[in-house]
Amino acid sequence: MRLFFVVVFTLATPLVAQHNGFIQRGDETRFPIGFYEVPGDAAGLQRMAAAGVNLVRCGSVKDLDRAHAAGIQGWVSLPFQSGATEQMRADILQYRDHPALVVWEGPDEIVWNFTAYSGLFRDAKVHPYKGAWADQDPAAVAYAKEQAAIILPKINAATALIRELDTRQLPIWINEANDSDAIYVRQYYPNVDITGCDLYPVKAGDRDLARMADSTERWNRVGEGRPVWMVLQAFSWSELGMDPPRPLAYPSFEESRFMAYDVIAHGAEGILYWGSQFLQSGACRAALYAVTGELAALQGFLTAPAMPGISVNLVEAPVLAPQRGVHSIARVHGGEALIVLINEDRGAHMAVEVNGLDAIEGRELHLLYGDESLVVTQGRIMTRMPRQMVKVFATSTTFESPDRSGRDYPGEPESDRPAAKE
C-alpha cells in the first residue's frame, strides 16, 4: 500500500505537495530509472535512453535540452544549504518551466557531511579520531550542533522558495548517506517529498548485497512513508582515486540485478546509479544497461500497486537456517501478473512457496530469461532459489527486454565472490 501525507506548516511555510515518487511524462507514469551522468556525446545519451534510463542529473539548461531531445527527463541539484538567496531565486526561475525538469534535488548527503563524515576528524581540534561521531565525542557533537543550526534553517528556507516559485509544484528530493543522522534529517524532511540514500556494497572481499534491503527499510522509517529513492553502484571503488587505493571490484550483472530488485521489494519507488561518470569498464556499463533495460520492460508493473495477501514460506528441510529469507514483488497490470522472488541468503532454499495468488489461479507463470514455468494451483506456486538469486516470473514472455547484451557479465575480478554457506 502506498501512503500519502498532507503536511500542514505555519503560514510562513507553503504546503508540501503530495507525491508518490514516480515521474510523469504526459499521461504516462514512470518508475524512475536514473543516472547521475549525462553522456557528453549524442550516441552515449541515445544508448542510455535505449536502455530504459528515463531520468538524469542535469547541470544546465543545455543538459535538460539534450535529455529532452533523447526522451529522457531530468533533475537539477541546487545548493539549498545556501538558503533563499537571489542566486537560488534566479536558478529556480531559470529551470522551473523546462519540459524535461521533473525533480528538484537538494545538497547530497548533507547531514552525513557535518556528522559522521565531516572530514574534520583529520583535525584533532574538532574530531579527535575518525569514530568520534559514532562515539558521540563532545567535540563532534558540538560541531554538528553548530553546523545544523546554520545549515538546516537555510535548507528549509530554500525549499519554501521553491514552493513559492514553482508553479508546477515538482517534488523535492534530498539524498542522504546510508547512516545519516535521522534526528537532523527530520529537521528538514517535512519540507521535502522524496527521501532515500546511497549505498555501494561491492568491494574487494566484501559484497554484502542484502545491506541494500536494510537501507531501504531504514529510509522508509526515517521518512515515515515518504517515497524512497535508492542510489545504486555504477563503479569500482578503485576508480575514485582514494587514498590508500582500493582493489578493483565491479558488480556483476547478477549482483546489479539483485540489488535493483531487492530495493524495490523493500519499498524503493525509484532507483538511480551513481559513479558511471568514473566507470572505465565498458562491460560493466553494458551489464548495468541490461538491468535498466529489464526494469524498463516492466514499467507498468513497477508503478502498479502491490497484490494484497501475498506470503512467501520456506517449506524445505531445516538444513539451512534462513537469515534474511526470500522476499517478493507481486503486481498485476493490464490483466497480466508479475512475481519476483529474491533470495537474500548466501545459501540455497530448495522449497520456496508463494501463497495468495488466487487472483491468477490457473495462470501459467514463465521465468523471464529462463526456461522454468509454473501453473498457479490452489493459489500458490513453488520453486527453488539458489543463493542470492533473483527469479522474475510473468504471465507473458513479452515482458522480456529484447536486448540480451551484458547479461553474462561476471564482474571483475571473477574470483571475488562470497562462498555459499553449508
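For this structure, a couple of remarks:
- Taking the charge dipole of the stretch 23-296 about its Cα centre, with +1 at Lys and Arg Cβ atoms and -1 at Asp and Glu Cβ atoms, the residue from Phe278, Thr29, Ser215 reaching farthest to the positive side is Phe278.
- Stretching the chain fully between Gln136 and Arg96 yields a gain of 10.3 nm (0.36 nm per residue, less the alpha carbon separation).
- Beyond 16 Å, the tail of the calculated P(r) for the stretch 234-307 holds 54 percent of the Cα pairs.
- Spacing of the two label points (7 Å from each Cα toward its C-beta) at Asp41 and Gln24, in nm: 3.8 nm
- Overall dimensions of the stretch 23-296 as given by Cα atoms, namely Rg and Dmax in Å: 18.7, 56
- Residues of the stretch 389-403 with an amide N closer than 17 Å to a point placed 7 Å from the Cα of Ser373 along the Cα-to-Cβ direction: 392-400.
- Segment Asp403-Glu364, length gained on full extension (0.36 nm per residue, minus Cα span): 11.6 nm
- Its Cα centre serving as origin, the stretch 192-285 has a Cβ charge dipole (Lys and Arg +1, Asp and Glu -1) of approximately 120 debye.
- Within the chain, the whole DSSP H helices whose Cα atoms reach 30 Å or more along their own axis and whose mean Kyte-Doolittle score is at least -0.5 are 138-165.
- Computed extension length for Asp208-Gln280: 23.6 nm, one decimal, from 0.36 nm per residue of separation with the Cα-Cα distance subtracted.
- Computed about its Cα centre, the charge dipole of the chain is approximately 360 debye, with only Lys, Arg, Asp and Glu carrying charge at their Cβ.
- Least to most buried among Glu294, Glu361, Glu400 (fewest other Cβ within 10 Å first): Glu361, Glu400, Glu294
- Distance between the modelled labels on Glu353 and Arg387, one decimal in nanometres: 2.6 nm (7 Å Cα→Cβ projection).
No value in this document is a laboratory result; all are computed from the given coordinates. Owing to the predicted nature of the structure, the values given are computational and were not obtained by experimental measurement. Virtual Cβ from ideal backbone geometry, glycine too; neighbours counted across all protein chains shown.
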